[in-house]
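Structure record follows, encoded as structure tokens.
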Amino acid sequence: MTTGAYRTAFDQAATDPEAFWLSAAEAVTWEHFPTRALDDSDAPVYRWFPDGRLNTSVNALDRHVEAGNGDRVAVIADSAMTGTSKTFTYSELLDLVARFAGVLAAQGVTAGDRVVIYLPMIPEALIAMLACARIGAVHSVVFGGFAAKELAARIDDAAPVAIITASGGLEPGRVIEYLPIVASAIEQSEVRPETVIVVDREQIPGSAADFGWLDWATEIAGAQPADPVIVAATDPLYILYTSGTTGKPKGVIRDNGGHAVALTWSMKNIYDIGPGDVMWTASDVGWVVGHSYIVYGPLLVGATTVVYEGKPVGTPDAGAFWRVISQYGVKAMFTAPTALRAIRKVDPDAEFLSKYDISSLTTLFAAGERLDPATYEWASEILQRPVIDHWWQTETGWAICANLRGLEPMPIKSGSPTVPVPGYRVRVVDGMGVDVPAGQEGSIIIDLPLPPGTLAGLWGDRDRYISSYLSAFPGAYLTGDAGILDEDGYLTVIGRTDDVINVAGHRLSSGAIEAVVGSHPAVAECAVIGIHDALKGQKPSGYVVLKAGTDITEDQLRKELVTMVRDQIGAVATFKDVTVVQALPKTRSGKLLRKTMRQMIDGEQYAVPSTIEDPAVLDALRDQLLDS
Ligand code: COA
Ligand code: AMP
């Protein structure tokens, strides 16, 4: 283990978090600088910077303009789908954000109100998020690949007063019309937001007028810019829904102050990005990676962020990533391993790379799923630069384990996201909460309090926050991942210990897909498990038991179930596999043995649990799958 800057920072954050985080807070502009860092009066729920007051959009925009950097490029919006590229300076972005904040204010949106944002990867997504932050409203961005029912579930939970959307998104070979989806979601929701504002995209049919909604361009043209509303550091900035074990998504709450401090600290110390540098995160604003490192992180430090609408391959080719890096002088890029695997599949010898000058690139960061050694070796070989895995979750909002390139670069170990980031006291424990020896697998937990920027709770559900994360091991946060710490303190993340499936770096709940599959009239019961997929890491795979007397063919059933999941959850679920089985293995108390099934199907070693109701069911399933 290192004895340098990393160790010093880690130890200080662990032993004197007050001093460490108040010092980090100095990099943020406050209306009232916090007099203390941690409020532990409501433990195990902690709050950071309890008496601090600030505005996040001021930190992301106004202060850079006021410092004389208004002409610096804030956002480069590149669409491989429309073949267009547009830049916004900090002054231009501030003007648009202040005016759109004025539009929201004119609609009666005030501090604390929720606003749902359902937008594709266009600059208006950032403008809408920052405009909410400006007036203290709480945004909740919903990924465009979710269907109306999932959007409705989030509307019902967040109870927004307004929805910001667009006529649609562009996927290779097809146009996704958002307006019928939004209309259907509102129809299905119990909560009826009063205002819907629509960005009209010329490539996509449908406009605000068709639904009696407001048109973005018209509203913003006549808007009065809104001044920033100063909020408490502990006030919510956003809610972001993520999949849990059950079908009901969890609304992760992010605060304003801890978020600004943590992301600002991470930009320098993890990503080594500062004012004027170009960072490109090839994700989507609908995911946490997009919130933190397309929108807030780069803008908080006065860097330039690239907003990319397109895919790593096919838009138009496997050189898309290298084109963007060279065209905009990207210094740090962040993507998901699945995107690298997609490029390697099409262009294993990286012939497209030789067409571009990527000399600006210093580091490639990966997260969302484990950076598997084969992909790591390939990417490092073709790029000849550090390729850095780092591990985090929607809940934490920033990296738990990383190789801190700006603080103290460390040797890379293939397959490991390196070491715990200062502020995260990571442990690997057995079922009793006792640390396992180095090299042994266990549950990954983090001692409380978590550092600033991590979840402040679950929206409207304090009990679920405590029961899901804080109860299994009192005094610690349960990550839901299993892993191994080695003798140098490097972590390896093995995978989820719960029923969350990770498809192309997106988190899906097996329970949510099972609820849809189980609602088919021919299905008696079902299990949906995430099995290995060479491109996407995992894919959801359904195993169904038919009701007695049902005569539907397996092929027809598959077609119907695939359509149902697509219509009710969304294309992002990528649900395509259905297998009819005689029975499903369960424990004596009726719990599905999903993990055992997954290990068996993936060809891993598995132990037959002592709690199994009928071992013959598992044997029959294995024989059937071996035969097929
Ligand atoms: N709106 C509507 N539909 C969307 C969508 C969006 N924003 N994003 C994806 N979809 C659809 C796709 O069109 C596709 O539909 P199809 O089944 O009709 O083809 C389906 O959802 C699955 O999409 P995707 O996961 O993107 O798969 P793909 O096969 O089109 O592309 C990859 C594969 C690897 C290129 C792609 O998954 C990728 O780039 N992944 C990066 C993941 C990422 O950024 N993760 C964020 C965490 S860091
Ligand atoms: P999400 O909340 O969608 O970001 O998903 C978080 C989950 O993705 C984690 O709990 C892990 O299971 C997985 N994950 C994310 N990044 C990594 C990584 N670098 N290595 C291994 N697993 C990861």
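The values are calculated or read from the model by the stated rules, or taken from the named source; none is laboratory data. What you are looking at is a predicted structure, and each value in this text was computed from that prediction instead of being measured. Glycine also receives a Cβ, built like all others from the backbone with ideal geometry; neighbour counts cover every protein chain displayed.
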Exercise. Any idea which residue in the range 515-530 is farthest from residue 546 (Cα to Cα), counting only those that are surrounded by fewer than 22 Cβ atoms within 10 Å (Cβ to Cβ), small (Gly, Ala, Ser) and out of contact with any Leu (no Cβ under 7 Å at 6 or more places or on another chain)?
Worked result: 515
Seminar exercise, completed: Selection from the range 384-442 of residues of a type in the set (Phe, Trp, Tyr) and part of a loop (DSSP other than H, G, I, E, B) yields 392, 398, 424
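I'd like to verify a number: residues in the range 113-126 that are over 16 Å from residue 182 (Cβ atoms) and surrounded by fewer than 24 Cβ atoms within 10 Å (Cβ to Cβ), how many? Show your work before the answer.
So the first thing to find is which residues in the range 113-126 are over 16 Å from residue 182 (Cβ atoms), and the list is 113, 121, 123, 126.
Next, only the ones that are surrounded by fewer than 24 Cβ atoms within 10 Å (Cβ to Cβ) stay: 113, 123.
Qualifying residue count, the range 113-126: 2.
Could you list all residues from the range 140-154 that are in contact with a helix residue (DSSP H, G or I) (Cβ under 8 Å, 6 or more places away or on another chain), in a helix (DSSP H, G or I) and of a type in the set (A, V, I, L, M, F, W, C)?
Taking the range 140-154 first, the residues in contact with a helix residue (DSSP H, G or I) (Cβ under 8 Å, 6 or more places away or on another chain) are 140-152.
Going one step further and asking which of them are in a helix (DSSP H, G or I), we end up with 148-152.
Within the range 140-154, 148, 151, 152 meet the criteria.
Mind checking which residues of the range 263-281 are aromatic (Phe, Trp, Tyr) and part of a loop (DSSP other than H, G, I, E, B)?
Restricting attention to the range 263-281, the residues satisfying the condition of being aromatic (Phe, Trp, Tyr) are 265, 271, 280.
Listed by number, the list holds a single entry, 271.
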Seminar exercise, completed: Those strands (runs of 3 or more DSSP E) completely within the range 496-556 that have 1 or more residues that are more than 15 Å from ligand 1 (Cβ to nearest atom) and closer than 30 Å to residue 484 by Cβ are 506-509, 523-533, 537-546
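Yes or no: the range 373-381 includes at least one residue that is within 16 Å of ligand 1 (Cβ to nearest atom), among the aromatic types (Phe, Trp, Tyr) and part of a loop (DSSP other than H, G, I, E, B).
Of all residues in the range 373-381, those within 16 Å of ligand 1 (Cβ to nearest atom) come to 374-376, 378-379.
This time we only want the ones that are among the aromatic types (Phe, Trp, Tyr), so: 376, 378.
Imposing the further condition that a residue be part of a loop (DSSP other than H, G, I, E, B) reduces the set to none.
Checked against the condition, which is being within 16 Å of ligand 1 (Cβ to nearest atom), among the aromatic types (Phe, Trp, Tyr) and part of a loop (DSSP other than H, G, I, E, B), the range 373-381 yields no hits at all.
Residue by residue through the range 410-460, note down the ones that are of a type in the set (Lys, Arg) and in contact with a helix residue (DSSP H, G or I) (Cβ under 7 Å, 6 or more places away or on another chain). Break it down stepwise before answering.
Let us first name the residues in the range 410-460 that are of a type in the set (Lys, Arg), namely 413, 425, 427.
Correct list: 425 only.
Let's see how each residue does on (1) away from ligand 1 (no atom under 15 Å from the Cβ); (2) crowded, with 23+ Cβ neighbours inside 10 Å; (3) in contact (Cβ under 8 Å) with a residue 24 or more places away in the chain:
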| position | (1), (2), (3) |
| --- | --- |
| 346 | no, no, yes |
| 349 | yes, no, no |
| 356 | yes, no, yes |
| 365 | no, yes, yes |
| 394 | no, no, yes |
Seminar exercise, completed: Condition set crowded, with 22+ Cβ neighbours inside 10 Å and more than 11 Å from ligand 2 (Cβ to nearest atom), scope the range 477-502, selection farthest from residue 343 (Cα to Cα): answer is 477
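Just to be sure, is residue 120 in a helix (DSSP H, G or I), out of contact with any helix residue (DSSP H, G or I) (no Cβ under 7 Å at 6 or more places or on another chain) and within 16 Å of ligand 1 (Cβ to nearest atom)? It would help to see each step written out before you state the result.
Working: in a helix (DSSP H, G or I): no; out of contact with any helix residue (DSSP H, G or I) (no Cβ under 7 Å at 6 or more places or on another chain): yes; within 16 Å of ligand 1 (Cβ to nearest atom): yes.
So residue 120 does not fit the description; no.
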Problem set entry | Qualifying residue in the range 242-264 (condition: basic (Lys, Arg), away from ligand 2 (no atom under 15 Å from the Cβ) and over 28 Å from residue 20 (Cα atoms)) | yes
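Residue 446 - would you say it is part of a strand (DSSP E or B), in contact (Cβ under 8 Å) with a residue 12 or more places away in the chain, crowded, with 18+ Cβ neighbours inside 10 Å and within 16 Å of ligand 1 (Cβ to nearest atom)?
On the way: part of a strand (DSSP E or B): yes; in contact (Cβ under 8 Å) with a residue 12 or more places away in the chain: yes; crowded, with 18+ Cβ neighbours inside 10 Å: yes; within 16 Å of ligand 1 (Cβ to nearest atom): no.
In short, no.
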Problem set entry | Every pair of residues 6+ apart whose Cβ atoms lie under 9 Å, when the first sits in the range 287-311 and is farther than 18 Å from residue 364 by Cα while the second is among the basic types (Lys, Arg) and within 15 Å of ligand 1 (Cβ to nearest atom) | 287/507
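Give the residue that is farthest from ligand 2 (Cβ to nearest atom), with candidates limited to residues of the range 282-311 that are closer than 23 Å to residue 168 by Cα, in contact with a strand residue (DSSP E or B) (Cβ under 8 Å, 6 or more places away or on another chain) and in a loop (DSSP other than H, G, I, E, B).
As a first pass, look at the range 282-311 and keep what is closer than 23 Å to residue 168 by Cα: 282-291, 294-295, 305-311.
Imposing the further condition that a residue be in contact with a strand residue (DSSP E or B) (Cβ under 8 Å, 6 or more places away or on another chain) reduces the set to 282-283, 285-291, 294-295, 305-310.
Cutting the leftovers down to in a loop (DSSP other than H, G, I, E, B) gives us 282-283, 285-287, 310.
Working: 282: 15, 283: 10, 285: 14, 286: 11, 287: 6, 310: 21 Å.
Ranking the qualifying residues of the range 282-311, first place goes to 310.
Against the definition (surrounded by 16 or more Cβ atoms within 10 Å (Cβ to Cβ), out of contact with any Pro (no Cβ under 9 Å at 6 or more places or on another chain) and on the phi < 0 side of the Ramachandran plot), how does residue 542 come out, yes or no?
Details: surrounded by 16 or more Cβ atoms within 10 Å (Cβ to Cβ): yes; out of contact with any Pro (no Cβ under 9 Å at 6 or more places or on another chain): yes; on the phi < 0 side of the Ramachandran plot: yes.
Yes: the conditions hold for residue 542.
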Exercise. Does any residue in the range 539-550 that is touching a residue at least 24 places away in the same chain (Cβ under 8 Å) come within less than 6 Å, Cβ to Cβ, of a residue that is surrounded by 13 or more Cβ atoms within 10 Å (Cβ to Cβ) and among the charged types (D, E, K, R) six or more places away or on a different chain, and which pairs are these?
Worked result: 539/533; 541/577; 545/525
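Could you check, for the range 151-171, whether at least one of its residues is charged (D, E, K, R), more than 21 Å from residue 103 (Cβ to Cβ) and within 10 Å of ligand 1 (Cβ to nearest atom)? Full working, then the answer.
Taking the range 151-171 and keeping what is charged (D, E, K, R), we get 154, 156-157, 171.
Pick out the ones that are also more than 21 Å from residue 103 (Cβ to Cβ) and you get 154, 156-157, 171.
Next, only the ones that are within 10 Å of ligand 1 (Cβ to nearest atom) stay: 171.
Yes, some residue in the range 151-171 is charged (D, E, K, R), more than 21 Å from residue 103 (Cβ to Cβ) and within 10 Å of ligand 1 (Cβ to nearest atom).
Just to be sure before I move on: is residue 321 within 12 Å of ligand 1 (Cβ to nearest atom), outside any loop (DSSP other than H, G, I, E, B), in contact with a strand residue (DSSP E or B) (Cβ under 6 Å, 6 or more places away or on another chain) and modelled with pLDDT of 95 or more in the structure I sent? Explain how you work it out, then say what you get.
On the way: within 12 Å of ligand 1 (Cβ to nearest atom): yes; outside any loop (DSSP other than H, G, I, E, B): yes; in contact with a strand residue (DSSP E or B) (Cβ under 6 Å, 6 or more places away or on another chain): no; modelled with pLDDT of 95 or more: yes.
No: the conditions fail for residue 321.
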For this session: Would you please name the residue that is modelled with the lowest pLDDT, looking only at residues in the range 598-608 that are over 27 Å from the mean Cα position of the chain (by Cα) and crowded, with 16+ Cβ neighbours inside 10 Å?
Result: 606
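Run down 97, 115, 109 and say which single residue is assigned to a strand (DSSP E or B), at pLDDT 95 or above and over 30 Å from residue 316 (Cα atoms). Outline the logic, then answer.
Values: 97 fails: assigned to a strand (DSSP E or B); 109 fails: assigned to a strand (DSSP E or B).
Being assigned to a strand (DSSP E or B), at pLDDT 95 or above and over 30 Å from residue 316 (Cα atoms) holds for just one of 97, 115, 109, which is 115.
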For this session: Please determine, by comparing only the residues of the range 557-592 that are β-branched (Val, Ile, Thr) and either outside any loop (DSSP other than H, G, I, E, B) or surrounded by fewer than 16 Cβ atoms within 10 Å (Cβ to Cβ) (or both), which one is nearest to ligand 2 (Cβ to nearest atom).
Result: 572
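Suppose we filter the range 503-514 for residues that are surrounded by fewer than 23 Cβ atoms within 10 Å (Cβ to Cβ) and either within 15 Å of ligand 2 (Cβ to nearest atom) or over 23 Å from the mean Cα position of the chain (by Cα) (or both); how many remain? Steps first, answer last, please.
Of the residues in the range 503-514, the ones surrounded by fewer than 23 Cβ atoms within 10 Å (Cβ to Cβ) are 503-505, 507, 511.
Now narrow it down to the ones that are either within 15 Å of ligand 2 (Cβ to nearest atom) or over 23 Å from the mean Cα position of the chain (by Cα) (or both): 503-505, 507.
Residues flagged as surrounded by fewer than 23 Cβ atoms within 10 Å (Cβ to Cβ) and either within 15 Å of ligand 2 (Cβ to nearest atom) or over 23 Å from the mean Cα position of the chain (by Cα) (or both) within the range 503-514 amount to 4.
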